[in-house]
Structure formats: structure tokens, C-alpha cells
1. If only one of B:THR241, B:THR184, B:THR207 is within 26 Å of B:MET39 (Cβ to Cβ), open to solvent by 10 Å² or more (accessible area, probe 1.4 Å) and of a type in the set (Ser, Thr, Tyr), which one is it?
2. Answer yes if at least one residue in region B:50-66 is more than 10 Å from chain A (Cβ to nearest Cβ) and in contact with an Asp or Glu (Cβ under 6 Å, 6 or more places away or on another chain), and no otherwise.
3. Counting only residues that are in contact (Cβ under 8 Å) with a residue 12 or more places away in the chain and under 17 Å from B:PHE7 (Cβ atoms), which one in region A:37-73 is most open to solvent (accessible area, probe 1.4 Å)?
4. Among the numbered criteria (1) in a loop (DSSP other than H, G, I, E, B); (2) in contact with a strand residue (DSSP E or B) (Cβ under 6 Å, 6 or more places away or on another chain), which single criterion is violated by A:PHE309?
5. Answer yes or no: is there a residue in region A:84-105 that is touching a Pro at 6+ places or on another chain (Cβ under 7 Å) and either surrounded by fewer than 22 Cβ atoms within 10 Å (Cβ to Cβ) or within 7 Å of another protein chain (Cβ to nearest Cβ) (or both).
6. Checking B:VAL232 against (1) assigned to a loop (DSSP other than H, G, I, E, B); (2) within 13 Å of chain A (Cβ to nearest Cβ); (3) hydrophobic (A, V, I, L, M, F, W, C), which single condition isn't satisfied?
7. Quick check on region B:256-295: of everything there that is under 20 Å from B:SER343 (Cα atoms) and among the acidic types (Asp, Glu), which residue is most open to solvent (accessible area, probe 1.4 Å)?
8. For region A:269-281, check the following and say yes or no: at least one residue is more than 24 Å from A:ALA193 (Cβ to Cβ) and not small (Gly, Ala, Ser).
Protein chains: 2
Amino acid sequence: MQRPYNFSAGPAAMPVEVLQQAAAEMLDWHGSGMSVMEMSHRGKEFMSIIETAEADLRELLAVPPNFRILFMQGGGLGENAIVPLNLSRGGVVDFVVTGSWSQKSFKEARKFCDPHLAASNEADCHTRLPAPGSWQLSPDAQYVHLCSNETIHGVELHELPDLKALGSNAPLVIDFSSHVASRTVDWRRVGLAFGGAQKNLGPAGVTLVVVREDLLGHALSICPSAFDYKTVADNGSMYNTPPTYGIYMAGLTFQWLKRQSEGNLRGIAAMEHRNMAKAELLYGFIDQSSFYVNKVATDCRSRMNVPFFLRDESRNEAFLAGAKAAGLLQLKGHKSVGGMRASLYNAMPLEGVQALVAYMRDFEQKLA
Amino acid sequence: MQRPYNFSAGPAAMPVEVLQQAAAEMLDWHGSGMSVMEMSHRGKEFMSIIETAEADLRELLAVPPNFRILFMQGGGLGENAIVPLNLSRGGVVDFVVTGSWSQKSFKEARKFCDPHLAASNEADCHTRLPAPGSWQLSPDAQYVHLCSNETIHGVELHELPDLKALGSNAPLVIDFSSHVASRTVDWRRVGLAFGGAQKNLGPAGVTLVVVREDLLGHALSICPSAFDYKTVADNGSMYNTPPTYGIYMAGLTFQWLKRQSEGNLRGIAAMEHRNMAKAELLYGFIDQSSFYVNKVATDCRSRMNVPFFLRDESRNEAFLAGAKAAGLLQLKGHKSVGGMRASLYNAMPLEGVQALVAYMRDFEQKLA
């Protein structure tokens with residue numbers, strides 16, 4: 001039987017080969033006589049798993065040597081507090097608000113620092129990104145916060161800003177939860193990047209933090225030790241017991257990513273090529289339709305998260321029921337936005353998007 | 001082939017039936033077409049998983065209705081900050097230090113409140129618990145912190161203190177990470193209990209918090225929202241994306257626990273009966289031997305974690321190598337204590353302890 005296509009925004013579909021390998025290794029990892037879940041995190045078996053995962057991720061994302069890779073807990077919402085606890089020094093922080101997630105980051109930061117709204121697309125209902133040239137950056141900002149892909153509103157920044165060129169010396173912090181590993185990252189423009197794993201990296205419960213070394217060691221005294229980046233880095237992500245199984249699953253996903261190719265492209269470059277093709281197919285279909293609509297400005301559209309609406313919203317329930325019957329799962333939009341949302345993360349093959357478009361066309365034609 | 005016996009202190013052995021079920025359901029949970037890892041946490045499938053897990057745990061541990069059950073992230077070390085952030089109101093907190101874990105809790109609390117050392121067994125090298133009657137409790141304490149089983153030092157409090165009888169009106173907070181679900185809990189004496197899942201409940205990355213409702217809603221303003229108990233409770237452990245797969249595995253473990261019986265005993269009572277038999281067998285063997293030694297006072301010995309030493313420590317490496325060859329894994333003691341440690345959590349059958357004792361006897365006799 002064909003496995004259904006799962007368009008969940010997260011926790012999201014995982015590569016089927018990864019799930020198969022995990023199932024096969026569940027009772028006995030590599031002849032150790034243990035499930036990965038049963039291993040001491042300080043034993044040589046799990047140490048090899050986490051070290052391989054980190055090295056594979058560093059290679060895949062081309063993370064420079066002066067950045068540390070941390071596996072943490074608490075997700076993106078946890079990081080909304082953990083980043084200012086570590087980087088703000090209680091001072092001014094610039095926020096660029098582009099949708100629900102950066103809005104939440106901005107609000108949470110008030111507990112720990114002096115957040116300044118440098119730009120917002122709220123007046124545009126988060127459908128259009130404010131141009132970097134229009135951002136009101138503070139001269140004394142400790143960092144600039146940006147969500148480079150907004151999962152709920154479906155807007156994505158396709159080029160990271162060069163803060164220096166914009167007159168700011170602050171490091172850029174990006175929340176890349178929902179498009180990490182879907183495209184390359186220009187680390188020259190980044191001070192810290194964080195993301196929950198549950199979209200493109202693995203299961204929920206692992207939070208990835210990639211941080212430039214000079215940003216370590218400046219945490220506020222009220223920062224919990226378990227969430228102090230320097231403590232976590234100094235202990236190789238083992239200050240507290242890490243979410244071992246989630247890191248293992250992320251590691252299997254990294255190995256799967258390394259095996260992917262498109263022509264001469266390998267790894268993340270191959271994924272980016274595929275992700276562009278998937279997004280073009282779906283947006284192209286929506287734009288030519290008078291039945292469906294996506295409201296996001298063309299140059300700000302997310303490749304990962306495609307929110308769309310039926311122009312006649314009384315058809316929503318029928319659309320979702322038919323989709324499920326056709327093996328197309330979890331297409332319901334976020335409750336704050338409504339409508340539909342198709343998330344096209346790395347694990348979604350082009351065939352899944354083709355099946356979705358075929359279903360959407362069919363649904364439209366039946367009602368025509 | 002006989003599966004090895006895994007004595008890891010945590011992450012620790014899990015019931016083999018639980019692992020088998022997880023492997024079988026990895027690609028398709030109950031005909032949903034999804035792995036549990038791939039489900040939106042807000043969809044009806046995962047909602048049924050978390051609600052069943054919570055109800056099963058409430059039944060197993062006999063948690064009264066005026067307590068909330070929270071599934072969080074960050075582990076015991078995270079809770080060392082999260083508890084004072086939520087309960088201390090910045091005031092005085094009494095700490096009973098009985099080993100490494102309560103020592104860490106005491107140190108971390110300085111960031112958020114005024115911790116007071118009410119008692120300590122440090123002078124006894126953490127081998128003897130200070131009698132509750134000797135605790136110097138503060139009249140104005142916001143709560144009293146106690147680690148009811150010290151994983152590293154192998155001391156366990158076999159009866160929770162009645163703080164009222166000791167003259168304190170403060171709620172009791174217990175870190176029960178390493179013996180949760182191994183025995184019944186007298187909730188009349190507890191205000192809050194927390195524990196990492198990775199010993200007796202499931203995989204690492206899930207933290208259980210059981211908290212009396214009147215203790216919610218008093219967090220300090222600097223408490224991160226994702227770690228504010230009231231926010232977590234109000235959102236059914238879904239303020240941030242929960243560690244869904246870990247909660248699923250814990251839920252399978254709870255179902256396994258409900259199926260266990262010993263004579264007329266069911267669930268936790270059956271486990272407690274088994275755990276006493278396992279501990280008696282191992283301590284009894286150690287005490288009659290002149291080759292091995294356990295240094296903990298008899299009435300304070302942990303049923304879960306049995307640290308022991310070879311009197312001739314030059315034999316340690318040979319002991320561990322032979323144990324591994326005999327299918328007895330992860331017996332090395334914690335680096336801070338040295339020697340050996342056998343953790344006898346719920347998933348360890350009596351046969352595993354019998355095999356360990358047989359090996360220990362054999363190892364001793366060969367060298368006699």
C-alpha cells in the first residue's frame with residue numbers, strides 16, 4: 001500500500017527510510033544489545049551517535065569552525081527566553097516582526113531585556129516582508145532577532161540581511177526552525193541560529209542551536225544553568241541528559257540528507273533544488289486557479305509552508321475529508337489563520353505535491 | 001538469543017514489550033498512516049495518546065484530582081531552576097541535601113531565591129540520611145526541597161516526611177526522578193514532584209511534573225513562559241510542541257505497568273513488591289561477601305540504584321569486561337563515586353538480578 005503523504009507543519013513527515021531503519025534497530029542498535037533509548041548518554045555507543053550527528057550536520061549546513069552546534073531542549077518557544085537570557089546582557093534588542101513566531105519572540109523578550117520593534121509587517125497581515133532598508137535598527141542593540149521562515153504565515157526571507165551594510169554591528173539571530181536544512185545558510189551574516197527539530201531535522205523535543213563562539217559566556221545571572229549556552233557547549237550538549245533518541249533520529253535524518261542528490265547537487269543543495277521545484281508546482285497551480293488563493297507576496301513566499309484558502313470556505317470540511325481519503329494528510333491550516341496549509345519539508349517528495357495538485361484540481365473541477 | 005540485562009542508571013532499560021510495540025507501530029500508528037513522530041501534536045491522534053498517557057499515569061500513581069500532571073522538557077537539572085522560578089517567590093527555600101542531585105538543586109536555586117541548608121549528609125559521605133527530626137526548617141520557607149532517591153549515592157528515603165509534624169507549613173517538593181513508579185507516593189505529604197523520564201518512565205527528553213493546583217500561578221516575572229507551570233498546565237502540556245514521541249513511549253510504559261501483577265498486587269504495588277525482592281537479593285549477596293561492599297546505611301539503601309565496590313579495585317576492568325561478556329551491561333559506577341552501580345528499575349526483571357548475582361559470585365570464586 002502507498003503510504004499517505006503527510007503535509008503536517010510539525011511535528012512533520014520524516015523520510016520513510018529513516019523510520020524503517022529506526023524500527024529495525026529499535027531492540028538492538030548495531031549489536032550493542034540495547035535500544036538507543038536504553039543507552040547511557042555518556043557511554044561510547046551514544047557518544048558515537050551524537051558526535052556523528054554533529055559532524056554530519058556541520059558538513060551538511062557548512063557550519064564554520066568558529067560556531068558551536070548545541071542540541072538542547074525546550075523548542076523555539078523555549079529559545080524565545082533562552083536567547084535573550086544568553087545574549088541580551090539586559091540591554092536593547094532589535095526585533096523584526098514578520099509573523100506569529102517573531103511576534104512571540106518579541107513579547108517573551110520583555111522579561112529579560114529591552115526589546116525594540118525595528119520593523120513589522122503586521123499592517124500587511126504578515127503577507128509581505130519589510131525591506132531590510134526600512135528597518136529601524138538601534139545603534140546599541142545587543143542583537144537583531146529575525147524569524148527567517150514564518151511557519152504559520154508562510155513568509156520566508158530568501159536572502160539574509162547584511163546587518164553591517166545596514167549600519168548595525170549587532171549579531172543576527174535567526175529562528176530557522178521551519179526551513180533549516182531546506183536551503184543553504186550564509187553563516188557570514190549570522191551570529192546564532194536556532195530551531196526546533198520537528199520540521200526538517202527529526203522528532204519534537206530536540207532544539208538545534210548554532211552559535212558563534214564569541215557569543216558564549218555572556219548569560220545573565222538568572223539564566224538557568226541547563227539553558228546557558230556556554231555550559232551546554234562546554235559539556236558537549238551533555239550538561240543535562242540530552243534527548244538521546246531524538247538526537248539519534250536527527251542523526252539518521254542527516255545521513256539520509258547526505259545521501260540525497262539531484263544531478264550534480266548533493267545534500268542540502270540537492271534538497272534546495274527539490275524544494276524549489278515542489279514550491280513552484282504548488283504555487284503555480286494555486287495562482288492559475290480561481291478556486292484557491294495564497295495571499296503572500298510572490299517574492300516572500302515560503303518554500304516550506306504554503307498557506308492557502310478555498311475562495312468558498314464552506315467547502316473546507318469537504319476538501320479536508322476528500323484529501324484524507326486520497327491519502328493527503330494534515331492539510332488543515334493553523335487555527336489563527338484558518339484555511340489550509342501544505343508544508344513541503346524535505347521529507348515530502350515531489351510526487352506528494354503532484355498528488356496534492358491533482359487532488360486540488362479534481363476537487364475544483366467536480367464543483368465547477 | 002537472550003537479550004542482555006542492562007543496568008544503566010539512565011537512560012535505562014525499557015520493557016522489551018514496549019520496544020517491540022514501538023518498532024511495530026513505527027511507520028503506521030493504528031492505521032493512521034503516520035508514525036507518532038509525524039503527527040501534529042494538536043491532531044486527534046496525538047491528543048488521544050497524551051490524554052491516555054496522563055490518565056494512565058494518574059491511575060497508576062494514584063494522583064489526586066487537585067494535582068496537575070505536566071509533561072515538560074529540560075530534565076531534572078532544568079527543574080532545579082524551574083521549581084524555584086515557579087515556587088520560591090524569591091524568598092527562603094529549605095534544602096535537605098542527601099547526595100549529588102540535591103546538592104545541585106541547592107546550588108542552582110541561588111540564582112532565584114534564598115536557599116537555606118536545612119540538613120546535609122555530606123559529613124557522612126552521603127551514605128546516611130539525616131533524620132527528619134534533625135532538619136533545621138525555616139519558619140518562612142516557600143517550600144522544602146528533597147531528593148527522595150539519590151541516583152548516584154544510592155540512598156532512598158523510604159517514608160516521605162510529614163512537614164506539618166516537623167513544624168513547617170511549607171509544601172514539600174520532591175525530585176523523584178530515579179524512583180518514580182517504583183513504589184507508591186503519599187501525595188498528602190507532597191506539594192510538587194518532578195522527575196526526568198529516563199529511568200522508570202520512558203526515554204530521555206520528557207520531564208514529569210506533578211503539582212498541586214494551589215502552587216500554580218506564582219512564578220517570578222523572569223520565568224520563561226515555556227517553563228511557567230501555570231502556562232504549561234493551562235495549555236495541557238502543549239504551550240510549546242511537546243516531545244511527542246517520548247510521551248508516546250512513556251504512555252506505552254504506563255500501559256505495560258498497568259498490566260503487571262504479583263499475586264493480588266497490580267500496577268505500582270506489584271512493581272514495588274518486585275523491586276523489594278530484587279534489591280534484597282542483591283544487597284543480601286553483597287553483605288555476605290567479603291569481596292564486594294556497599295557503604296550505605298541499611299535503612300537508607302536505594303531499591304533502584306545499588307552502588308557497590310570491589311574491595312580490590314584493581315579488578316574493576318576485569319569485572320566489567322566479564323560482565324559484558326556475560327550479557328550484563330552498563331555496570332560502571334558514576335565517575336564521581338567510582339566502583340560499580342547496578343540500577344534495578346522496573347524494566348529489570350528478577351532474572352536479571354539473579355544473573356548479576358551469579359556472575360558476581362562466579363567472579364569472586366575464580367579469584368579466591
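1. Values: B:THR184 fails: within 26 Å of B:MET39 (Cβ to Cβ); B:THR207 fails: open to solvent by 10 Å² or more (accessible area, probe 1.4 Å).
Matching residue, one of B:THR241, B:THR184, B:THR207: B:THR241.
2. Of all residues in region B:50-66, those more than 10 Å from chain A (Cβ to nearest Cβ) come to B:50-66.
Of the ones still in play, those that are also in contact with an Asp or Glu (Cβ under 6 Å, 6 or more places away or on another chain) are B:66.
Scanning region B:50-66 turns up at least one residue that is more than 10 Å from chain A (Cβ to nearest Cβ) and in contact with an Asp or Glu (Cβ under 6 Å, 6 or more places away or on another chain).
3. If we filter region A:37-73 for residues that are in contact (Cβ under 8 Å) with a residue 12 or more places away in the chain, which is where we start, we get A:37, A:39, A:41-42, A:45-46, A:49-50, A:52-54, A:56-57, A:59-64, A:66-73.
Among the residues that remain, those that are also under 17 Å from B:PHE7 (Cβ atoms) are: A:37, A:39, A:41-42, A:45-46.
Details: A:MET37: 2, A:MET39: 2, A:HIS41: 18, A:ARG42: 119, A:GLU45: 36, A:PHE46: 0 Å².
It comes out as A:ARG42.
4. (1)
5. No - not one qualifying residue is present in region A:84-105.
6. (1)
7. So, considering only residues that are under 20 Å from B:SER343 (Cα atoms) and among the acidic types (Asp, Glu), the one most open to solvent (accessible area, probe 1.4 Å) is B:GLU280.
8. If we filter region A:269-281 for residues that are more than 24 Å from A:ALA193 (Cβ to Cβ), which is where we start, we get A:277, A:280-281.
Now drop any that are not not small (Gly, Ala, Ser), which leaves A:280-281.
Within region A:269-281 (the criterion being more than 24 Å from A:ALA193 (Cβ to Cβ) and not small (Gly, Ala, Ser)), the answer is yes, since at least one residue qualifies.
The values are calculated or read from the model by the stated rules, or taken from the named source; none is laboratory data. Being a predicted model, the structure only gives us computed values, none of them experimental. Positions of Cβ are generated from backbone atoms using ideal geometry, with glycine treated the same way; all protein chains shown enter the neighbour counts. We work out accessible area using only protein heavy atoms, side chains counted, and drop any ligands, DNA or RNA first. Shrake-Rupley method; radii C 1.70, N 1.55, O 1.52, S 1.80 Å.
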